[in-house]
Amino acid sequence: MPKQKKTTIGGQAIIEGIVMKGPHKVCTVVRKAGGELVVKEEAAHQPSAVWKAPILRGAYGLFTAMKDGIQAINYSASFFEDEETDAPPSQFELWLEQKFGSAGVERAILGLSTVLGIALPVGLFLLLPSFLGGFVPAGWGVLGRNVAEGIVRIVLFLLFMWSVSHMKDIRRTFEYHGAEHKTIFCYEAGEELTVDNVRRQDKYHPRCGTSFMFVLIIIATVVSSIVFSLVEVTNPFLRMLAHLLLLPLVVGISYEFNRYAGRSDSLVSRVLRWPGLMIQHLTVFEPDDDMIEVAITGMKAVIPADGSDDW
C-alpha cells in the first residue's frame, strides 16, 4: 500500500478554474465556456531567507497568496466578460485611456482590485470588530471587551461565508474548491491522479485556507487580549490602529499553528483543527468530473520531480 504523505502543494479555486501552487511552479487552469482548458504555468515565488523564518513566513505567505489570488480571479474572469456589450465607452473611460493608455488602465484596475481584495477581509473581520469593541462599556473590563470582539468576528465570518455559499456563481467556485482538496488528498495517498480515484477522496482538508482564516480570527482575539491587558486601549480608532499593527504577528502565529495542526496526526492536533474542518462545510462542495479534470491538470503540472514538496 502506498505510503501516505503530506504535501506543501496547495491551491485556490477561481472562476471556472483552479490555481495549483507547488514549490517551483504555479499552474492556473480555466475551463472556458466552450469546454476548452486554458493552462498557464509560471515560476513560483521564491522568498528570501528572511521571509522563510518562523512567524515571518506566515505573514509573507498570506499577503502574497491574497495578492496572487485576486490577480488569478481577475485573470479567470477575463474569459467570461460579456462580449455582447455594444455601448460606446464613456467620456471618462476615453479620458483614462488617452491619459494612461489601455495597458495602464488595466494595471490601475488590477492594482485597485488587489488593494480592495486585501482591505475588505482585514476591515470586515479585524478592524470593524475592533472599532465596535471600543464602545463596550468600561465596566465589562479588558477581558469582556476582547471576548465581545472575538464573538463579533466569528459571527461576521460565519454570516459572510454562509451568505456567499448560497450565491450560484460562488457555489460553483466552492465546488472547484472541493475538486482541489480531493486532488491533493489523492496525490497524498499515492494514488494515480484519475477522475475516479480523485472522486473517492474526502473534500475537507486540514490545511485549507478557510481553516486558516478561522484560526486567524481566534488567534487575533487571544493576542489582542494579552496585549490590551498590558496596555489598555479603549479609543475605537486607536484599537483599530493597534490591531492593524499587530496583524503581521497574528498572521505569523496563525500560520505556525496551522502548520503544526496540519502536519501532526496527534489527538491534540485533531482537536485543534476540528473547528476549521467544520467551517469548510460552508466553503467546500462536491465537484463534478469536469472540475476534477481541471484540478488534476493543475496538480500534475506543479508536482516536483525532486520530492521538494514534502511537508
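The values are calculated or read from the model by the stated rules, or taken from the named source; none is laboratory data. Computed from a predicted structure; not experimentally measured. Every residue, glycine as well, gets a Cβ built from its backbone with ideal geometry; the counts of neighbours run over all protein chains shown. Just so you know, the surface numbers come from the protein's heavy atoms only, side chains and all, with ligands and any DNA or RNA stripped out. Shrake-Rupley method; radii C 1.70, N 1.55, O 1.52, S 1.80 Å.
Some observations on this one:
- A simple count of charges around S225, restricted to other residues whose Cβ falls under 15 Å of its Cβ and scoring Lys, Arg +1 and Asp, Glu -1, yields +1.
- The overall shape of the range 222-311, judged from the alpha-carbon gyration tensor, is prolate: a/c is not under 1.5, and a/b is greater than b/c.
- Charge tally for A44 (other residues, Cβ to Cβ under 9 Å; Lys, Arg +1; Asp, Glu -1): +1.
- In the chain the longest region clear of trypsin sites (Lys or Arg not before Pro) that are loop-assigned by DSSP and have at most 13 other C-beta atoms within 10 Å covers 33-199.
- Averaged per residue, the range 196-253 has 48 square angstrom of accessible surface, using a 1.4 angstrom probe with ligands and nucleic acids left out.
- Here is how the number arises for the chain: DSSP H runs of 4 or more residues each give -39500 (n - 2.57), the sum is divided by the residue count, and the result at 222 nm is -20500 deg cm²/dmol.
- Accessible-area value, V142, 1.4 Å probe, nucleic acids and ligands omitted, Å²: 40 Å²
- Cα shape, the chain, gyration tensor, a/c 1.5 rule: oblate
- Low-density loop cleavage sites - GluC sites (Glu not before Pro) in the range 136-222, where at most 12 other Cβ are within 10 Å (DSSP): E192
- Exposure of L272 as accessible area (Å², to 10), given a probe of 1.4 Å and all protein chains: 60 Å²
- Separation between Cα centres of the range 251-287 and the range 200-214, rounded to whole Å: 7 Å
- Within the accessible area of the chain (1.4 Å probe), percent carbon and sulfur: 65 percent
- Loop sites in the range 26-59: GluC sites (Glu not before Pro), DSSP, at most 10 other Cβ within 10 Å: E36
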